[in-house]
1. How do the pairs read when you match residues in the stretch 300-312 that are farther than 14 Å from residue 361 by Cα and assigned by TED's automatic domain parsing to the domain that holds residue 141 with residues anywhere that are of a type in the set (Lys, Arg) and at pLDDT 85 or above, using Cβ under 8 Å and keeping only pairs 6 or more apart or on different chains?
2. Of the conditions (1) at pLDDT below 85; (2) in contact with a Leu (Cβ under 9 Å, 6 or more places away or on another chain); (3) under 21 Å from residue 247 (Cβ atoms), residue 163 fails just one. Which one is it?
3. In the stretch 82-99, what residues are touching a Lys or Arg at 6+ places or on another chain (Cβ under 8 Å) and surrounded by fewer than 16 Cβ atoms within 10 Å (Cβ to Cβ)?
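The values are calculated or read from the model by the stated rules, or taken from the named source; none is laboratory data. Quantities reported herein were computed from a predicted structural model and do not represent experimental measurements. In this analysis, Cβ positions are derived from the backbone assuming ideal geometry, glycine residues included, and neighbour counts consider all displayed protein chains.
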Amino acid sequence: MKKVLSLIAAIALSCASAFAQETWTCPNPECGHEGNTGKFCSECGTPRPAADGQEAPAAQKQNLENAYAKSDFVPGDEIFFDDDFAGEKLGEFPSRWDLIEGYAEVATIQGRKVIAFTDDGYGIVIPLMKEARTFLPDVFTLEFDLYLDRYEDGEGHNTIITFLNPEQVDWNDGECGEVNFYYRPDGSSTIYWWLMKPDKENNVDGQKDLGLNPDYSDYSPKDNPLKEGDWNHFAFSFNKRAFKGYINGQRVINIPIALAPRSFWIKHTGTYKYSCVSNVRIAKGAVPLYDRLSSDGRIVSYGITFETGKATLKPESMTEIARIAKLMAEHPELNFEVQGHCDNTGSDKVNDPLSQKRAEAVVAALVAQGIDSGRLSAVGKGSKVPVADNSTDEGRAKNRRVEFVKK
């Protein structure tokens, strides 16, 4: 019996050795490194593809993270509007918004509270601000989530962000630009845009087709950032004159010179069962990482986010993590204590271990990017070190953060 077991062990060891030495090519189209022998690509970290030649779910997730890492979106540093509608009553109009046209109410989609356009999908809403038409600064970022799923019995739908500038007195209530995301029942989609030039006489426009349906001949899903049957993260940045737009971290709009938007509203048209937006955030500024570190001795990041109640990094977090990894690679003298911080929602019994696990998850992600683990330590601070008032949505948003403190 011992001889049989020894033989089985020897065969298993031999097979494992042969498997480890068998080379394979990285399936990540952005890498393609050849000659890998382990479970992960030695160049970019993408997992080895499944044996049948089909990409494993882990590899798909890694490729998505790689796409995020190539984004240049930097969330603003000072959050001045953040609404996840969590405290709102279902069926009521959300308290921090104003209605311009149509109808909207708080609803729940896929476990999230949202502002939903339930009157045949039509409505126009604007954040309720003290300065109603001039609340956007010279440098800002705007983010929100949109759920996408096919609804073949209905029509397509448009989610439109209209930007305004009060200097445009002669043009349709001050409109100075628009981004229109059109999603069709067959799964294909197009994003259109136009923005006024600073001379207020000319504008720049364009469009990009994004095909979710591989059988739709006019559209290619190859570089499509959209996720079907899931939440999609839309983001826009403006830096004094340059306007950029992103879907799930991938840049889809890049306009070098445009008139500064001073406010915006969200418009929705089209009969659709998921006519809604969620997690709207507006922030001021976007300071480069090293500048933040030089002035404060720490980097406070709001671009690293997690699944609710978990230590699971959202894919869009890889944008900021890749930047931190790049900074550390360029400055080998830098070592960081990675701190996880929560707001005061929930008890210390929950927040303390959760913040620790989240800090550890960030460290692990940086190590996966090639950073020596000896340069990093993880500390969970729970809700014990707030930087803002926990009684407001914006305050709680500022307190939910990851800090990289120079050691």
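1. From the stretch 300-312, no pairs qualify.
2. Unmet for residue 163, out of (1) at pLDDT below 85; (2) in contact with a Leu (Cβ under 9 Å, 6 or more places away or on another chain); (3) under 21 Å from residue 247 (Cβ atoms): (1).
3. First, pick out the residues of the stretch 82-99 that are touching a Lys or Arg at 6+ places or on another chain (Cβ under 8 Å): 82-86, 88, 90.
Passing the criteria: 86, 90.
Condition check ((1) on the phi > 0 side of the Ramachandran plot; (2) over 21 Å from the mean Cα position of the chain (by Cα); (3) assigned to a loop (DSSP other than H, G, I, E, B)) across all residues:
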site: 294; (1), (2), (3): no, yes, no
site: 300; (1), (2), (3): no, no, no
site: 304; (1), (2), (3): no, no, yes
site: 324; (1), (2), (3): no, no, no
site: 328; (1), (2), (3): no, yes, no
site: 359; (1), (2), (3): no, no, no
